[in-house]
Each structure stands twice: as structure tokens, then as C-alpha cells.
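The structure appears right after this line, and notes come after that.
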Amino acid sequence: MMLNAPIPLLMITPLAAAVICMLLSERSRLLVSFAAVLIQLLASLSLLLLLLQQGPITHPLGSWEAPLGIALRADGLAVLFVLMTSVVAGIAALYAALYLTPGPLRAHFWPLFWFMWAALNGIWLAADIFNLYVGLELLSLAAVGLVAFSGSKEALVAAIRYLLAALLGSLAYLLGVALLYGAHGTLSLSDLSQQMQPGVASSIALAAMAMGLLLKSALFPLHTWLPPAHGGAMTPVSALLSALVIKASLYILLRLWIELRIHELAPDASQLLGWMGALAIAWGGWMALRQTLLKRVVAYSTVAQIGYIMLMFPLLRADNAEASTLALQGGVLMVLSHALAKAGMFLAAGNLILCTGRPELSALAGTSQYRPLSIFGFGLAGVSLMGLPPSGGFSAKWLLLQSALASAQWWWIPVMLLGGLLSAAYVFRVFHYSFKEAENSDTFHRPGVGLEICALALSAASILLGFIATWPLHLLTLPDILPLAVLPEGSLEQSLELLQTPTYETLHGTSEQQP
Amino acid sequence: MSVLLDLLLLSSLWVFALLTLTALPLFRGVVFFILLGLMLALVWIRLDAPDIALAEAAIGAGITGVLLLDTLGHLHHRADQESSPIRLKSSRFWVALISSLSLAGLLLWALLDTPATPTMLAEQVARALPNSGVDHPITAVLLNFRSYDTLLEIGVLVVAILVGLTLADKDSAQLSLPKLPNPLLQACLALLVPLMLMVSSYLLWAGSKQPGGAFQAGAVLAATGILLHLSGFRLTLRTSERLMRAGLLLGFSVFLLVAASALIDGQPLLTYPDHLAGILILIIELALTLSIGLILLSLFTLPHFALPEQERPK
Amino acid sequence: MSLLIDLLQAALLLSGVVMFAAGTLGLLRFPDTYCRIHALTKADNLGLGLIIAGLMLSAGSVLLVFKLLLIWLLVMLASALSGHLVAWEGDAQGMDAASGDLPSSGNAAQDSAERER
Amino acid sequence: MSSSAVIFSLAGIGLCAIGLFGFMLHTHLIRKLLAFNIMGSGVFLLLVGMAQRSGHTDPVPQALVLTGIVVAVSATALALYLIRRWLQLSGSTELPEDDRR
């Protein structure tokens, strides 16, 4: 009976924590939140164990089977995202607890944070298109609240812009839901994937949903709301937004793409997404090079990295199972490593701003001499974003490159290389500023050790992901979300063996496709 | 005949929508927006959806309208004149026009291309209704079959309140909305308030068998609160913070507790035991009505505490 | 007999519509706020009363007749109150009865409608 | 075939288009919010209208719309909080014409 517990816990805990936090005094909010973070970590780990034992799990809420009721579903993809959320949000919570000064502001942070977490878990586990809409709205409103949090003029402008984009995106998504329901009479994703027939209504519905989700994920040219919101929010909030919140709409897009077989039915749309991604890589990288504020650099880097994630869509090919699998694995690994690296980078950037007391890049002069730890955290995350070995970012790009070669779409390769160069340029530009001689180095503040460790832990995790990359990817092949992706045995290991890292051998022969 | 009526309603919807967006000054636009909401309520009746009609009139037109008008009250103190938005020379106008026309075209295409088939979900609802604990299919969907959506939706409402709380400053409890010291109003309140409370409880009670339910009842409750607020009886988050907070969260907490209680039994989340389904739904609805009433009221009253002009520290 | 009732019903409904039209015309054409309130509340209450009376003839059950009556009473109460509040607010702002203008051109209608809600 | 459902699906399409038009045209934040609400109503009409064209009432989309209306009012209230605060700090009801990059 308790076998089913992790899924409900993943939803109940954050919602209950939000309510309890609203009712309690400030000090107790902190304690409740730590307890809840622990429960979340344990629940996601036990969900992982359960998945390894039983395979994909369906949890019919209210004991009503879909399509009448709503089902929650935990397959490999969902569990990976749940784990990613628990790690990143857990560390960000720790950071926030140290970063926020006691007072009403800190008190209001926790309930919003918990609602955001609940919405994220809800989205990862959802298998119902309308439920995804409610989850998206909960997520957007909580995220907007977190952006507007400080109440300053800049924060408000960013929040309003973000809110308008998010609302328009949700409505476009809901419009798609309306058309899909009108055409197919069901809201359950698995029903839809069985009944889906190509048709005008379905195509327009999916186009509307995709537009809405892309707007929410800030894919170029719909990205204009992102840099002020992510760059202007408080540091822990920036980390959460860039690492997790935008991934929610990307995740839904990916789900729709593979479960409703859009990659088969509309390969042109996939190519379009890929080209938008390519433009995003170029534009995001270029703009990141031209920013004068440190956190804006990091925010524009997110715009570019979203582009990388989009490159997986044109590589999901119906006619080439190997390329598809590699693309899916590369794309998901990209999401995971970006989540860790970007959260780490934002936290490190926040620490640097705490050191210098000013948000400008030029204020960084002397930091690498006096605050090497902060700049080191920033650099580690940068290594993963640039895609240098042996980071998670490198493995992800490697898989995507392999996939591009396998499906003979060579034109994505220069895009990836150019993007890597641009990332290197903007990361080194930050270093360049930090290595300058400082005139008044004695004015540096010392951020708490805890803050430094949080940033470093996330950045290090993004590097570490490169060493254990086969493990999450193996998890990804567990469920049959991509039925066509039957890889020849051991081919994943083969493709990754080229990287020559010893860890991969230990997992040899474990990636048999399961039904 | 009824087609004519429908077409009349359709054209009035479109006209009011256009007027909402183009009428000057903004106040007029908001009034047209409220009219649009009332027209929509009629449309929902025509679509055999009295539940939505009630909610649209009470929440869509009522509460949203009050919130908008209240914001306008803040606005016109700061001379904020806008010129006519339709400027044929601006590229913005043409981009907007072309995108909206293409949206209409695409949707029309989708609509015409899709055959009208009865949905199988409606049948399933009808079949499962006897086991749901209520007799009204919409209440059954909202609080039993798809209760998870409703749970998250209450979360969305609470988030809106939370953001309001974050932005409102605690210290300067200064009312910006004067009360109306009108003797006739006060006299009428004695008549209206009990009546509204009665309507609210009727809607709640009716919800298990016929149109009505927690949301509509809560909206009427909130309207009562807003009326009282305007006449000077102020029940706000500031008066008794703890009590009010508990009230706001009561519905959500009760819902969450009931949802989680299924786990003790080893059942999936939100499962009601068969014989208890009716009573549990009633308990949830009672708590939700109170909370929704308080939340919608607070959405209105929260910003009436002037914020300090200077920026708050980061 | 039923023809008579039908005719009576038609007459009641039509005269109700005429009253509404007259009230709307008054709202559009009358010179100042006070006159407009007058047109709106009086004519519309009577118009609604006529329409309700017409509907009662075909109601069929006592409960329905009672409900219709209740609707009329409630609308009368609401319109009396809102009409009073608009006039009261206009008076409080020093609105001139003859011209309907405020001493300083402001947003009287806006204010009063806001308060009313 | 229910003609009402078809007609109001059409009405919904019109409202969606008008709403999108207003949303893109206006810079005034409250007008944008009104346009968002109009668009929302259009989507709700389309959701119920399209599902009920066969002449049978369908409680599921009706319940979804009830949920949608509550979500829309929450979003509107939240937006109004932000707009008011922005008005208070800047005295403007429009966002600064930004560096649209």
C-alpha cells in the first residue's frame, strides 16, 4: 500500500508546506521548509527506486481512471525532472535561507516558493492536458510573484512583462486544449496519443499550444521578457527561474512532441524549432557578450541555452531510431546539466555581487584575487555551459552531435560549435573583468561560506553529471515514451565510450530496451 | 427564432468586446467589459450551462468588474489621458489586425473541419455519477472526478492573495477608500445582507443536485463582504490577521487533508470512501465557500492600504 | 380563454418593452444626471413589472410566480438604492441640476459609479 | 446538431480574435488586461461550444470553464496589484518603451 506513497507525497508536501508557512511565524517557516525539503528529497529518491523496481507508475487520482479522472504518471523522463527539481530547488532553498535577511520579505518568500515547487512537481507528473494548464498557471503566477517580490521599480516592470507573456502563453495553450477536446473528446495524454488523427483542428491546436509554450520558454524571438525577469529578480529566485521554471513549458512541449508523434507527422515544424533554436544560440550568445550587468550576462546565456535544448527537436526523426534516441538523450541531458550549471552560475553571480556590492561587470575587478572561491564556482558552471569535457554540458552536446551525424543533418554541427565559442567568449569576458587590477580591493565584502558552498555544489554537480551521464540516460530508456527508439544493444555505451571516461564501463550492458 | 436570438447575442458580444477595447475614456471601456460579462452569462444559459452563467455573472463580470473599477479609482487621480488607440499609420495596428484576423481564420477552419461528435466523456460522467456522492454532474466533475484540478485552482487563488500581501506594506494601514456614510444604504444593508447570505447558502446547498456550488456561493459571499466594506463595515486582513488568514486557508487545508487522508487507507490521493463521498464533498464545499468568499473579498480589500511612496529595501 | 390570456400576455410584454425603450431614450436624451436617473429607474421598474406580470400569466406554478415576484422586488430595491446613491454622490460633488456639469470638469459619473459598486 | 453551440463557437472565435487584437494593439496595461479577459472568454466559449455541437450537454468542459474563470480572476487580480504598484512608483500605466532586444 505504501508503495504508492512517493507520488502523493511529492504533491502533498509542497502544498502543505505552503499552507503551514502562511500560518506560522517567520522562524518556524524556515524549520518547516527544511523539513519539507528533506521529505521532498526522500520522496523523489524513493520514487526513483520504485521506478527501477516496477517500471513506469500510474497514479489515478481519486481512484478514477483517466480519461474520466486525472492520472499522475511517473516514467523515466518525469522522474529525472523530479530529481532535478529536488536537487536544484533544495539547494536554492538553502541559499535563500542564508541570503534573505529576516523580515517580512523572507516570510513571504516561502509560501510562494512552495507553491512553485508544487506546480513543478505537478507538471512533471501530469498526464492530462487541462491539468497541465492549471499547473502552468500556478507556476507562472507563483514565479511572477517571486520576481515582483522585492517591490522595486525594475522588479515590477520585469514582473509585469513576464506576467503578460505568461498569460498570453497560457491562453494559447488553453486554446489548443479547447480544439483538441472538441476534436477528440478527451483530455488524457495517453488517450490522445492513441486516438490522434492528423487533421486541421489537431494541427492548429498543437500549433497554438506550441506557440504558447515557446513564449513561456522564451525561445528567440519570443524571449524579450526573460532577461529583465531572470536578471532582475533576487539571486535565489533567478536561479530557480532559469534552472527550473522555463523547463516546465519545454518539458510539456517535449511530451506533446513525442507522445502525440508530432516529430513523425510534422517534421517541418521540428526543423523550424531547430532553426529558432539556432537563432537563439546566436542571439543569446551575442547579447550576453554585450551586457554590462553581471546577472544579465547569465540571463542572456539562458536564452542561448534554450536554443541548444531546442536542437533536439529536428533530430527526433521517425525514420532514424538511433538518431532519435541520441537526440532525446542529448536534449534531456542538456536540460539537466543546464539546470545545475545555470543555478550554480546565478548563485555564484549573486555571491560576486554581494562581494562587490554592485551589479556591474566592471565592479568585478580584483575579485579573482580576493574572492577566488566565488569566481571558481562561476567558472565551473561556465565549463559546463561552454560544453568543455568532462562536464554534463559536454556529454549532452556530444550526444546531439552524434545524433546530427547519424541523421545526416550536418548543418546543426557548426551551430553547436559556434554556440560553444560564443559561450566561451561571454564566460571569459566575465573572467577578464575579474582578473583586472582593483584599486580599492579592501572594500570587498565576504559572502557567507554557506552561500559559496551552495553555488559551488551546484556547479560541481553539473560537471559531475558528465561522469555519470549514462545513468540518467539509462533511466530515460526505461519507459516506452519513445516507442520507436529501439537502440541496438549497447550503442549508447559505444557512443559515449568515445569520451574515454572510465565510469561508463561500469554500466556496460544495462541499456536493454524494456517494453 | 432562437437562431435569431443567438445571432443577436453573438453580435452584441462582438460589439461590446470591440467597445471595451476602443471606448474612451477607459472607464467606459470597463463598463462595456462588465456588460460583456452579463451578455456572456446569457450566452451560457443558451449553451445549457447555468453553472457557468452564475459564475460568469458573479465572478467574471462582478468581482473582476469591481476590481477593475476600483483600480480606475486610483488611476484618475493621476491625470492619465490616453489618446485613441486606432492609428492607421502605426505598424503596431496593422500587425495586431493581421495576427488577429489570421487567428480567426485558422480557428474557423479548425471548427468547420471538425465533425460534431458526441463526446464519450459525457457518457462516462453519467455512468459514474451514482458513485460520486452528488447528483449534479458538474459538481461531481469539479469535486470528485477532477478534484485535483480544483485543488490546484484554489492554490492559484491563494497565490494571488500571497502576491497581494507581498506588495502591500504592513505598517501603513491607511485606507484609501472612503466609506459611504449614506443613511439609506445603511438601512438597506439590514435587508440585503441577510438576503445575500441566504442566497449564498442556497447556492451551496443546491450545488449537490442542481446548478450552484462552492464557487458561486463564495462569490455571493464575497459580494456581501464588498458591500459591507464599502458601507464602512470593514472585515479585512488587518482587522484580525490570524483569524482572517485561517479563514483564507480553511478551504484549501480541509481539501488537502481530505485528499491526503486517502493515503492512510492505501488509496490513491483524493479518493473518497464510497459511503462517505457525499458528506466529504459537502464538508469540502462548506469550507471552500467560506474561503473563496474571504479570498475574493481580500482580493478587493488588500490594495486599500496605501503603500509607502519610497522604495522598499531589496 | 387561452387566446385571451395569450393576448393579455402579449400586451403586457410589449408595453414592458415600450417602457424599457422609453427609459433608454430618456437615459440618452435627458440633459442632466438627475433626470437620467429618473428616466432609468422609473421607466425600467415599470417595464420590468409589466414583463414579469406577463410572464406570470404563463408561469404555471405558484412557486414560479413567487420567484418572479421576488425578482421584481429585488430589482426595484436595487435600482432605488443605486439611483439614490448616484444622485447623492452627484449632490455631494456639487453637481448642478440644470446643466449636469460639475464645478470643475471631473469624472463625476465615474466616481459615483465606482462608489455604487 | 445544435445551432446554438455552433453560433457561440463562432462568437468565441470572434472574441479570441478581438482579444488578441487588443492585446497586441494597446500599450495601456489595463486595456491589455481587458483584452486578455476577452480572449479568455472567447476560449471558454470555444471549449464548451465545440464540445456541444452534437446537441448533448457535456459537463466536463463546463467544469473546466468554471476552473478557468477562477484562474482568470486570480490572474487579473494579481496583474492589477502589480499595475497599481507600478502606477504608484512611476505614475504611468504603460511600461517604459524598452530596449526590445
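Key figures
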read-out	value
Candidates C:Ala53, C:Ala39, C:Ala43, C:Ala80, filtered to the one that is surrounded by fewer than 16 Cβ atoms within 10 Å (Cβ to Cβ), under 30 Å from B:Leu189 (Cα atoms) and in contact with a helix residue (DSSP H, G or I) (Cβ under 7 Å, 6 or more places away or on another chain)	C:Ala80
Among the residues listed as B:Thr301, B:Thr289, B:Thr271, the single one being away from chain A (no Cβ under 13 Å) and over 12 Å from B:Gly218 (Cβ atoms)	B:Thr301
Lone qualifier among A:Pro104, A:Pro111 - being surrounded by 23 or more Cβ atoms within 10 Å (Cβ to Cβ) and within 9 Å of chain B (Cβ to nearest Cβ)	A:Pro111
Members of region D:45-101 that are part of a helix (DSSP H, G or I), among the charged types (D, E, K, R) and more than 22 Å from the chain's Cα centre (by Cα)	D:Arg85
Top-ranked residue of region D:53-74 - restricted to ones that are more than 7 Å from chain B (Cβ to nearest Cβ) and crowded, with 24+ Cβ neighbours inside 10 Å, ranked as farthest from B:Ile59 (Cα to Cα)	D:Pro61
Failed item in (1) in contact (Cβ under 8 Å) with a residue 12 or more places away in the chain; (2) closer than 23 Å to A:Phe130 by Cα; (3) in contact with a Ser or Thr (Cβ under 9 Å, 6 or more places away or on another chain); (4) of a type in the set (A, V, I, L, M), with D:Val71 passing the rest	(1)
Check on B:Gly37, touching a Gly at 6+ places or on another chain (Cβ under 9 Å) and of a type outside the set (Val, Ile, Thr)	yes
Residue among B:Leu68, B:Leu72 that alone is modelled with pLDDT under 90, at the interface with chain D (Cβ under 8 Å from one of its Cβ atoms) and either in contact with a strand residue (DSSP E or B) (Cβ under 8 Å, 6 or more places away or on another chain) or part of a helix (DSSP H, G or I) (or both)	B:Leu72
Residues of region B:237-286 classified as among the hydrophobic types (A, V, I, L, M, F, W, C) and farther than 19 Å from A:Pro6 by Cα, total	19
From the options A:Leu61, A:Leu72, residue that is crowded, with 23+ Cβ neighbours inside 10 Å, touching a residue at least 60 places away in the same chain (Cβ under 8 Å) and within 14 Å of chain B (Cβ to nearest Cβ)	A:Leu72
Residues of region B:18-36 satisfying the condition of being touching a residue at least 12 places away in the same chain (Cβ under 8 Å), within 19 Å of the chain's Cα centre (by Cα) and within 8 Å of another protein chain (Cβ to nearest Cβ)	B:Val30, B:Phe33, B:Leu36
Number of the exception - A:Ala282 against (1) buried (at least 22 other Cβ atoms within 10 Å of the Cβ); (2) in contact with a Gly (Cβ under 8 Å, 6 or more places away or on another chain)	(1)
Residue satisfying all of: in region B:241-260; more than 7 Å from chain A (Cβ to nearest Cβ), surrounded by 17 or more Cβ atoms within 10 Å (Cβ to Cβ) and without any contact (Cβ under 8 Å) to a residue 40 or more places away in the chain; farthest from B:Ala287 (Cα to Cα) among these	B:Val258
Residue match in region A:304-315 (condition: in a helix (DSSP H, G or I) and within 14 Å of chain D (Cβ to nearest Cβ))	yes
Filter pass, D:Gly22 being within 21 Å of B:Phe215 (Cβ to Cβ), buried (at least 24 other Cβ atoms within 10 Å of the Cβ) and touching a Leu at 6+ places or on another chain (Cβ under 8 Å)	no
Criterion violated by A:Ala18 - all others in (1) crowded, with 23+ Cβ neighbours inside 10 Å; (2) within 26 Å of B:Pro273 (Cβ to Cβ); (3) within 10 Å of chain B (Cβ to nearest Cβ) satisfied	(2)
Subset of region A:127-137 [at the interface with chain B (Cβ under 9 Å from one of its Cβ atoms), farther than 13 Å from D:Gly68 by Cβ and in contact with a helix residue (DSSP H, G or I) (Cβ under 6 Å, 6 or more places away or on another chain)]	A:Gly135
Filtered residues of region A:94-107 (kept if touching a Ser or Thr at 6+ places or on another chain (Cβ under 9 Å) and either at pLDDT below 85 or farther than 13 Å from A:Leu146 by Cα (or both))	A:Tyr95, A:Ala97, A:Tyr99, A:Pro104, A:Leu105, A:Ala107
Yes/no for B:Gly266 being more than 15 Å from B:Asp149 (Cα to Cα) and part of a helix (DSSP H, G or I)	no
Some residue of region B:138-156 being charged (D, E, K, R), outside any helix (DSSP H, G or I) and at pLDDT 90 or above	yes
Candidate set: region D:7-45, residues that are β-branched (Val, Ile, Thr) and within 7 Å of another protein chain (Cβ to nearest Cβ); chosen: the one farthest from D:Trp86 (Cα to Cα)	D:Ile7
Odd one out for B:Arg238 among (1) part of a helix (DSSP H, G or I); (2) at pLDDT below 90	(1)
Helices (runs of 4 or more DSSP H) wholly inside region A:86-201 containing at least 1 residues that are acidic (Asp, Glu)	A:129-148, A:153-184, A:189-195
Selection count, region B:140-168, where residues are free of Cβ contacts under 8 Å to residues at least 24 places away in the same chain, β-branched (Val, Ile, Thr) and crowded, with 24+ Cβ neighbours inside 10 Å	4
Residue within region A:198-205 that is in contact (Cβ under 8 Å) with a residue 60 or more places away in the chain, more than 12 Å from every other protein chain (Cβ to nearest Cβ), surrounded by fewer than 24 Cβ atoms within 10 Å (Cβ to Cβ) and in contact with a Leu (Cβ under 8 Å, 6 or more places away or on another chain) present	no
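The values are calculated or read from the model by the stated rules, or taken from the named source; none is laboratory data. Everything numeric in this text was worked out from a predicted model, so none of it was measured. Here Cβ is always computed from backbone atoms with ideal geometry, including for glycine, and neighbour counts include all displayed protein chains.
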